[in-house]
Amino acid sequence: MCQEHIQACPHWRNNHPQYDCIFINTNLECDGMAGMTRAWVLFSFKYDYILYPCVIAFLFNTMGNTPDENTGMWMVHPAFCANHTLNIAMLHIDAIDKLLSAIYHAAHLIPIYGCYFVPMDIKYYHSYDAFHIFYVNKYADHHACEIAF
């Protein structure tokens, strides 16, 4: 059985931050892209001798109900609350599994650049903050193709 490591650390290899984007199935009645989130912090804590693994996540919303007709890829943007702050959730990883939802797989997002030039000094670790709309790359691998159809 294969497994994948989801990265969520502020100083990856004592250098720049590494925050992966992941698919989370939040609705079993929907096929495909039921939910997507950006993992910010993976952590666990003990309470009453029970370990609770969790993830703090920035949620994304899809733009429309179908993929983009030109690229065949879904378009997403960060989700915001009514007071214009980012929609952040703390998810209990074991509870996700018990609710028949799951962290599926790492997701690959491609920034939508728009009509402006990309600054020369931009780094890969700025991409989630520098861009506001992304394509969900379903061509990254066969797992992503099965999820983001």
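Sorted from fewest to most neighbouring beta carbons within 10 Å, what does the list 128, 113, 49 look like?
49, 113, 128
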Within 10 Å of each residue's Cβ, count the other Cβ atoms and sort 50, 93 from fewest upward. 50, 93
115, 21, 54, 81 arranged by Cβ crowding within 10 Å, fewest neighbours leading: 115, 81, 54, 21
Per the 1/(1 + (r/R0)^6) rule, R0 = 25 Å and r from the Cβ atoms of residue 77 and residue 139, FRET efficiency to 0.05 is 0.80
What does the extension gain come out to for residue 123 and residue 88, with contour length at 0.36 nm per residue minus their alpha carbon separation? 10.2 nm
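Values in this text are rule-based calculations from the coordinates and carry no lab data. Treat the numbers as computed from the prediction; the structure is a model and nothing was measured. Don't worry about glycine lacking a Cβ; one is built from the backbone with ideal geometry, like all the others, and counts go over all protein chains shown.
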